[in-house]
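J.: Starting off with a structure, shown below.
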Amino acid sequence: IADAFDAIGVRVVPPVGVTANGELAPWPRGRRRDSSGLTPSPEWFGDALHTVGELLPKRNLVVTGLGVGTDDDRWRDDLHMGWLDQITTATANGLPVAGVFFEPAIDGYSFDSGFDQPGGLFDREREPKPSFRWIEAQIRSAR
């Protein structure tokens, strides 16, 4: 079935560790956590993207679900810059990244966090956040 598809969706969620009690915990320890309690990292994302590209060669990769739940738009920008740097490096290394989707587009309801996880590029009133303006500028400059 692996040869039946010419595009593969890639979604990388932050890593988790397991405590001595067998409970899941954010990993690595000491890193900044998002509103879900996880520790997003562009480096982990880049490693995963390259691994998928190596395991499924000659497939277009479509990155899905890049985003972070936080009120700190500056941190969101830093993560977006890091993720896009990883994608740029991947494409420079020959990985065919065909598209990127940011998630969620608009702050809203999440099953596990209710309304407490502001991860969108737009607020609930559909107004663009500063992080959207940065992404918009990157897209325009890439054309």
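J.: The chain: longest stretch without exposed chymotrypsin sites (Phe, Trp or Tyr not before Pro) (DSSP loop, at most 12 other Cβ within 10 Å), sites themselves excluded?
T.: Between exposed loop sites, the widest span is 6-108.
J.: Using 1/(1 + (r/R0)^6) with R0 = 22 angstrom and r between the beta carbons of Met81 and Val13, what's the FRET efficiency to the nearest 0.05?
T.: With a Förster radius of 22 Å, E is 0.65.
J.: Moving on. With a 1.4 Å probe and all protein chains left in place, how much of the accessible area of the chain comes from carbon and sulfur atoms, in whole percent? Before the final figure, lay out each step's value.
T.: Details: 4780 of 8940 Å².
Roughly 53 percent, rounded to a whole number.
J.: Once you place label points 7 Å from the Cα toward the Cβ at Lys58 and Asp123, how far apart are they in nm?
T.: 5.0
J.: Tell me, rounded to the nearest percent, the portion of alpha carbon pairs in the chain spaced more than 25 Å apart.
T.: 33
J.: With a 1.4 Å probe and all protein chains left in place, how much accessible area per residue does region 7-109 have, in Å²?
T.: For region 7-109, the solvent-accessible area averages 56 Å² per residue.
J.: Further, regarding this structure: For region 1-98, which GluC sites (Glu not before Pro) pass both filters: DSSP loop (anything but H, G, I, E, B) and at most 12 other C-beta atoms within 10 Å?
T.: Filter output for region 1-98: Glu23.
J.: Moving on to the next point. To the nearest 0.05, how large is the calculated FRET efficiency for Arg32 and Ala137 if R₀ is 22 Å and r is the Cβ-Cβ distance? If you can, show how the numbers build up before the last one.
T.: On the way: r = 24 Å, r/R0 = 1.11.
For R0 = 22 Å, the calculated efficiency reads 0.35.
J.: Considering only DSSP beta bridges whose two residues both sit in the chain, what percent are antiparallel, to the nearest 5? Each step should come with its number before you reach the end.
T.: Working: 5 of 14 bridges.
For the chain, the DSSP antiparallel bridge percentage is about 35.
J.: Tally Lys/Arg at +1 and Asp/Glu at -1 over every other residue whose Cβ is under 9 Å from the Cβ of Leu66; what's the total? Kindly include the intermediate steps, with their values, before the conclusion.
T.: Working: positive: Arg11; negative: Glu103.
Around Leu66, the surrounding residues sum to 0.
J.: Please report, in whole Å, how far the alpha carbons of region 1-78 spread along each principal axis, starting with the longest.
T.: 40, 35, 16
The values are calculated or read from the model by the stated rules, or taken from the named source; none is laboratory data. A quick note: this is a predicted structure, and the numbers were derived from the prediction, not measured. Every residue, glycine as well, gets a Cβ built from its backbone with ideal geometry; the counts of neighbours run over all protein chains shown. Surface areas here come from the heavy atoms of the whole protein model, side chains and all, with no ligands, DNA or RNA. Shrake-Rupley method; radii C 1.70, N 1.55, O 1.52, S 1.80 Å.
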